[in-house]
Amino acid sequence: MKNRRAEVDAALEDVDFETKNYQVEFETTKGPIRVELWPDVAPGHCRNLVGLTKIGFYDGIIAHRVIPGFVMQVGCPLGT
């Protein structure tokens, strides 16, 4: 799998965690999952999640475990 860091960085150019609040919504076969982001707690994770979402990294990916209010675990984008 190729490194997509440059794509993620470019997608984040207009993201401003200092003045805006962000959520990510995943459409699933069981309905939407909305993720509230806490950049004051985990800034790197928030940047990665937003950037990867914006470049379509999660499109079609399988979420194989969801624990409400705690975690969503996804598989490999290659299906392996």
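If I ask for residues that are in a loop (DSSP other than H, G, I, E, B) and without any contact (Cβ under 8 Å) to a residue 12 or more places away in the chain, which ones from the range 13-27 would you list?
GLU13, ASP14, ASP16, GLU18, THR19, LYS20
Of everything in the range 14-38, what is closer than 20 Å to VAL74 by Cα and either open to solvent by 100 Å² or more (accessible area, probe 1.4 Å) or basic (Lys, Arg) (or both)? Give them in sequence order.
GLN23, GLU27, THR29, LYS30, ARG34, GLU36, TRP38
Looking only at the range 39-80, count every residue that is part of a helix (DSSP H, G or I), open to solvent by 70 Å² or more (accessible area, probe 1.4 Å) and under 16 Å from GLU25 (Cβ atoms) and tell me the total.
Adding up the residues that qualify gives 1.
Going by what's in this entry, would ASN48 be described as out of contact with any Asp or Glu (no Cβ under 9 Å at 6 or more places or on another chain) and touching a residue at least 24 places away in the same chain (Cβ under 8 Å)?
Considered against the rule, which asks whether it is out of contact with any Asp or Glu (no Cβ under 9 Å at 6 or more places or on another chain) and touching a residue at least 24 places away in the same chain (Cβ under 8 Å), ASN48 comes out as yes.
The values are calculated or read from the model by the stated rules, or taken from the named source; none is laboratory data. Just so it is clear, the structure is predicted and the values come from calculations on it, not from any experiment. Every residue, glycine as well, gets a Cβ built from its backbone with ideal geometry; the counts of neighbours run over all protein chains shown. To get the accessible areas, we keep the full protein, side chains included, count just its heavy atoms, and leave off ligands, DNA and RNA. Shrake-Rupley method; radii C 1.70, N 1.55, O 1.52, S 1.80 Å.
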